Amino acid sequence: MPELMIDFITSLDGYGAADGWPGWWGLEGPEYLAWLENQPEADYTVLMGANTYRLMSGLATDGEPGTDVLADMPKIVFSTTLTEPVSWANTRLISQDPVEAVRSMKDTGTESMRTIGSLMLCRSLLRAGLVDRFRVVVFPVITGSTGKDRIYDGYPDVSLDLVSNRTFDGRLELLEYVPTVLAGPPGAGS
């Protein structure tokens, strides 16, 4: 069965971006960039919502470094506001409920999937119990006053079992987990 991986980059305090900071908080290094270029999930179908699609396809059109690797990847954007044809190469538009669509892709498909950004989509997929791996790269910054896009707000309670970790460039931490959605804090029902 194909797997679904949620994939985030985050500041230490859980933000996906920050006003005034450069991409990757200016801390991307050669090891991390090489891993991005050669990561084993390069053949996964990338899932995203409309806002992430608009942002990322715009960055790709502008030639933003690092977006060129996404050009050849198969991509799916879930949206009821976008219309065909979508402009980013290798992108398919799905206007049906993302949870049901991903459930069907996992049940009948052969290609594994991963997300990029798309906070609401990731929350929905995790809440539905469809996520097999949760990967986060933590950048060593706290962006409390300028941070935006808080990643974990609205998430259910989740237990995470560490399956892999790695340090890039002596400062970035990659953490991979198998998530288990909980009904609430352990012991709360007893």
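Relative to the current alpha-carbon distance between Thr180 and Leu160, full extension at 0.36 nm per residue lengthens the span by 6.6 nm.
Placing +1 on the Cβ of every Lys and Arg and -1 on the Cβ of every Asp and Glu, with nothing else charged, gives segment 6-85 a dipole about its Cα centre of roughly 280 debye.
What FRET efficiency would be calculated for the residue pair Met1, Thr83, taking the C-beta separation as r and a Förster radius of 41 Å, to the nearest 0.05? The formula returns an efficiency of 0.80 here.
Per residue, the chain exposes 52 Å² of accessible surface when a 1.4 Å probe is rolled over the protein heavy atoms with every protein chain present.
GNM remark for the chain: springs join alpha carbons under 10 Å apart, and the peak mean-square fluctuation among Ser11, Ser145, Ser112 falls on Ser145. Which value in nm describes the separation of the simple spin-label points at Asp149 and Ser95, placed 7 Å from the Cα toward the beta carbon? Calculated label separation equals 2.6 nm.
Accessible surface of segment 122-190, 1.4 Å probe: 49 percent of it comes from carbon and sulfur atoms.
For Ala42, project a label point 7 Å along Cα to C-beta. Then give me every residue of segment 51-73 with its amide nitrogen under 13 Å of that point. In segment 51-73, the label zone of Ala42 (backbone N under 13 Å from the point 7 Å along Cα→Cβ) covers 68-73. For a paramagnetic label modelled on Asp169 (point 7 Å from Cα along Cα→Cβ), amide N atoms under 12 Å away belong, within segment 1-39, to 22-36. Rolling a 1.4 Å probe over the protein heavy atoms of segment 77-116, with every protein chain left in place, gives an accessible area that is 48 percent carbon and sulfur. Considering all C-alpha pairs of segment 1-159, those separated by over 26 Å amount to 25%. Only Cα pairs within less than 10 Å get springs; with that Gaussian network setup on the chain, which residue of Pro30, Pro179, Pro98 has the largest fluctuation? Of the options given, Pro30 has the highest mean-square fluctuation.
The values are calculated or read from the model by the stated rules, or taken from the named source; none is laboratory data. This one's a predicted model, so the numbers in the text were calculated from it and none came from an experiment. Cβ atoms come from the backbone with ideal geometry, glycine included; neighbour counts cover every protein chain shown. Please note that ligands, DNA and RNA were not included when accessible areas were found on the heavy atoms of the full protein model with its side chains. Shrake-Rupley method; radii C 1.70, N 1.55, O 1.52, S 1.80 Å.
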